[in-house]
Amino acid sequence: MNVGSYFAQIRRFLPAPQDILRHVCLSILILVTLLIANIFGPIYYLVAIVLCLLSLWARCYFEAFVSLFGPASLAVLSATVAYFLGTAKFQYMGLPNVEFFNIDPTYRCGRATGGCLGSGNEWLTELPYNLTIMSLVTVFGPERGSYTGPYPTQADDAAALAHGFPVNLNDFSHDHFKVGGASVKLDEGVGKRIVNWWMVFSGSLSDYAPGGFFADQPMPMATGAIWKDRVLILKGPPGNPTIAIIDLKSGRPFAFYGGFGRSHPANWRKSDDL
């Protein structure tokens, strides 16, 4: 058998180009229909079953697969791309607190939420998306750009801060300050963001300067400690004693404990800062 006849026999088992195009277009149409139906809660399941049965009746088996597993497959693909780009975050629904956005201590990626208004069908995409990230991290390690250093628990924070040092907030707001005898440099803008958040109910730093509203009062101080030569643990002033956990290598925070609000004042990835 020559090469030409071999490929001719192979082509006999392959669908014609117009058939391939038809299957692709129908699959895209089904997927778009399912994504729209996903907004309307339980209606999604009825639409998916009808589309699957119609596809089977027409012997369009790939379209039947898309009807049942299309959104989940799209979520797996999206998670895989995000992981290799270094932008993957676990997906959830619900109103977050400050600690929600901490870098996950096990899988070392961030978290995102779609808010408190959901359809009830989020698990169809969130579950495969999150499981894909977990699997990829388990096999290949943390995604590019993740924090990979030691991760203190809240008990570690308390133990370190018990022997902490006072930190001047004015110096801290300029991203260059001392913790005991150690000099610390933060990424640009991190200190100012955290100080403004700490003092949202206590006035600004300028209020404690001569001529300011609180000029007769001492400047509030934070408490800081260096943990395992890699992590800076900072506790805010008495008016807002939220704990910030900062990577000394990058000068970026990767966790906050306690406090108020629905987001971090500064994030691990600078692109996530509001």
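Within the range 44-90, the set of residues being among the basic types (Lys, Arg) and either within 30 Å of residue 268 (Cβ to Cβ) or in a helix (DSSP H, G or I) (or both) comprises just one member, 89. Per the listing 146, 119, the residue uniquely over 26 Å from residue 259 (Cβ atoms) and in a loop (DSSP other than H, G, I, E, B) is 119.
All of 35, 46 fail the test of being open to solvent by 40 Å² or more (accessible area, probe 1.4 Å), within 18 Å of residue 119 (Cα to Cα) and touching a residue at least 24 places away in the same chain (Cβ under 8 Å), apart from 35.
Against the criterion of being touching a helix residue (DSSP H, G or I) at 6+ places or on another chain (Cβ under 9 Å), modelled with pLDDT under 85 and either part of a helix (DSSP H, G or I) or open to solvent by 70 Å² or more (accessible area, probe 1.4 Å) (or both), residue 26 does not qualify. In a residue-by-residue description of the range 189-205, the property of being of a type in the set (Lys, Arg), in contact (Cβ under 8 Å) with a residue 40 or more places away in the chain and touching a Gly at 6+ places or on another chain (Cβ under 7 Å) applies to no position.
Screening residue 175 on (1) under 15 Å from residue 250 (Cα atoms); (2) free of Cβ contacts under 8 Å to residues at least 40 places away in the same chain shows it passes everything except condition (2).
The values are calculated or read from the model by the stated rules, or taken from the named source; none is laboratory data. What you see is a predicted model; the values in this text were computed from it and never measured. Note that each Cβ is placed from the backbone with ideal geometry, even for glycine, and that neighbours are counted across all protein chains shown. Accessible surface areas use protein heavy atoms only, side chains included; no ligands, DNA or RNA. Shrake-Rupley method; radii C 1.70, N 1.55, O 1.52, S 1.80 Å.
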